[in-house]
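Input: a single structure, listed below in structure tokens.
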Amino acid sequence: MMTSPSETIDASAAGTWKLGDLTVNRIGFGAMRLTQDGAAFSRGSSSDRTRALNVLRRAVELGVNHVDTAAFYFSPLRSANELINSALAPYADDLVITTKVGPGRDPSGTWLWATPDQLRGQVEENLRQLGRDHLDVVNLRIARSHGSQSVSEHFGALAELREAGLIRHLGISNTSRKQLAEAMSIAPVVCVQNKYGIDAPPEQHELVRHCGDQGIAFVPFYAITGNGQDGGGADTGAEALHTVARAHGATLAQVRLAWTLHQGPHVLAIPGTGNPDHLAENVAAGALRLTDEDLALLSA
């Protein structure tokens, strides 16, 4: 399953899903890791610009047409949105760029959370950096500590920007089922972006199934690293992961991604990397077909 220079697997191998009226391959690309070496948002060195641009261009060459980003993805010398703009503009007609608002970072890197009135400024910041006049999909990112709070004011503000033509489709991130229902009562929701992977708790599995029942895409983050979050790769894991990986000649990261995609046709993947070899491996995971025995072993 591990790819070699002579073996190229296209992102279309994972199948497609629609974000509203926008068709994307189920294997996409997350831009969080593009801006620096090491863990995201750390004080590590900024990434090599040429390499980052080449990774983005190679992703598109491999059939990736769904890129996830945010204005707060930046390091001292790099901005994910600027890299995307430089590498991919003028954008292909089928390229879907998804971004997030809610959290933000000032130039020093200090985190802040937008009020409803400040969301327009965050949307406009993404528009400027990406060089676009509208955003394909915008996710309202909710603070983990606000899991029980109302999202009506924030989501309502984004719904107004959607009506104004600045946003095409809306999603919600770090959400609960109750908050999702509240958002859906305000405007259509095309995707949910939550932390999710093999080691997710039962309530997250239930939310994935609920999104499928509603026809909403579920787009997990940390699908590869799981509880390791943004601190590293999928080097470790239960013996079941190693067993399945050996059986398919795959990496642990590929097995984690394949497992995620097997949770439903509405489940997308947005693995991120600044490494071109890892990029090809991630895309190739879309072609990995796990057996019922594999899935039972991993679920156990």
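Criterion first (surrounded by 13 or more Cβ atoms within 10 Å (Cβ to Cβ), closer than 23 Å to PRO220 by Cα and not acidic (Asp, Glu)) does LEU135 satisfy it? Give the steps one after another, and end with the answer.
Values: surrounded by 13 or more Cβ atoms within 10 Å (Cβ to Cβ): yes; closer than 23 Å to PRO220 by Cα: yes; not acidic (Asp, Glu): yes.
For LEU135, the condition - surrounded by 13 or more Cβ atoms within 10 Å (Cβ to Cβ), closer than 23 Å to PRO220 by Cα and not acidic (Asp, Glu) - is met.
So the check is Cβ under 9 Å with 6+ separation or different chains; which pairs have a first residue in region 275-298 that's free of Cβ contacts under 8 Å to residues at least 12 places away in the same chain and a second one that's open to solvent by 60 Å² or more (accessible area, probe 1.4 Å) and not hydroxyl-bearing (Ser, Thr, Tyr)?
Qualifying pairs under 9 Å: THR291/ALA247.
Given the criteria crowded, with 23+ Cβ neighbours inside 10 Å, in a helix (DSSP H, G or I) and either hydrophobic (A, V, I, L, M, F, W, C) or touching a His at 6+ places or on another chain (Cβ under 6 Å) (or both), does LEU53 qualify?
No, not satisfied.
For the condition touching a His at 6+ places or on another chain (Cβ under 9 Å) and open to solvent by 20 Å² or more (accessible area, probe 1.4 Å), what is the one hit in ARG144, ARG168?
ARG168
When both residues are 6+ apart or on different chains and their Cβ atoms are under 6 Å apart, which pairs have a first residue that lies in region 112-135 and is more than 18 Å from PHE155 (Cβ to Cβ), and a second that is polar (S, T, N, Q) and at pLDDT 95 or above?
GLN129/ASN81; LEU130/ASN81; LEU130/ASN85; GLY131/ASN85
Quick one: ASP94 ticks every box in (1) under 21 Å from TYR73 (Cα atoms); (2) outside any helix (DSSP H, G or I); (3) touching a residue at least 40 places away in the same chain (Cβ under 8 Å) bar one, so which box is it?
Just one mismatch for ASP94, condition (1).
With respect to THR260, determine if the residue is among the hydroxyl-bearing types (Ser, Thr, Tyr), under 26 Å from ALA14 (Cβ atoms) and open to solvent by 10 Å² or more (accessible area, probe 1.4 Å).
No, not satisfied.
Among residues belonging to region 97-132 that are exposed (fewer than 15 other Cβ atoms within 10 Å of the Cβ) and part of a loop (DSSP other than H, G, I, E, B), point out the one that is modelled with the highest pLDDT.
That would be THR115.
I'd like the residue in region 63-91 that is over 17 Å from the mean Cα position of the chain (by Cα) and assigned to a loop (DSSP other than H, G, I, E, B) and, out of all such residues, is nearest to VAL138 (Cα to Cα).
TYR91
Criterion first (out of contact with any Leu (no Cβ under 8 Å at 6 or more places or on another chain) and modelled with pLDDT of 95 or more) does GLU61 satisfy it?
When the stated conditions are applied, GLU61 passes them.
Is it true that ILE224 is modelled with pLDDT of 95 or more and surrounded by 19 or more Cβ atoms within 10 Å (Cβ to Cβ)?
Working: modelled with pLDDT of 95 or more: no; surrounded by 19 or more Cβ atoms within 10 Å (Cβ to Cβ): yes.
Considered against the rule, which asks whether it is modelled with pLDDT of 95 or more and surrounded by 19 or more Cβ atoms within 10 Å (Cβ to Cβ), ILE224 comes out as no.
Those residues that are assigned to a strand (DSSP E or B) and buried (at least 17 other Cβ atoms within 10 Å of the Cβ), I need them from region 16-42; list them, please.
Matches in region 16-42: TRP17, LEU19, LEU22, VAL24, ASN25, ILE27, PHE29, GLY30, GLN36.
Condition (residue is closer than 30 Å to PRO76 by Cα and open to solvent by less than 10 Å² (accessible area, probe 1.4 Å)) applied to region 178-191: is it met by at least one residue?
no
Please verify whether GLY109 is free of Cβ contacts under 8 Å to residues at least 60 places away in the same chain and farther than 21 Å from GLY286 by Cβ, treating the condition exactly as stated. If you could, list the steps in order and put the result at the bottom.
Details: free of Cβ contacts under 8 Å to residues at least 60 places away in the same chain: no; farther than 21 Å from GLY286 by Cβ: yes.
Considered against the rule, which asks whether it is free of Cβ contacts under 8 Å to residues at least 60 places away in the same chain and farther than 21 Å from GLY286 by Cβ, GLY109 comes out as no.
If I go through region 205-221 residue by residue, how many of them are surrounded by fewer than 16 Cβ atoms within 10 Å (Cβ to Cβ), out of contact with any Gly (no Cβ under 9 Å at 6 or more places or on another chain) and outside any loop (DSSP other than H, G, I, E, B)?
So the count comes out to 5.
The values are calculated or read from the model by the stated rules, or taken from the named source; none is laboratory data. Every value quoted in this text rests on a predicted model; they were computed, and no experiment measured them. All Cβ positions, even for glycine, are placed from backbone atoms using ideal geometry, and neighbour counts span all protein chains on display. Please note that ligands, DNA and RNA were not included when accessible areas were found on the heavy atoms of the full protein model with its side chains. Shrake-Rupley method; radii C 1.70, N 1.55, O 1.52, S 1.80 Å.
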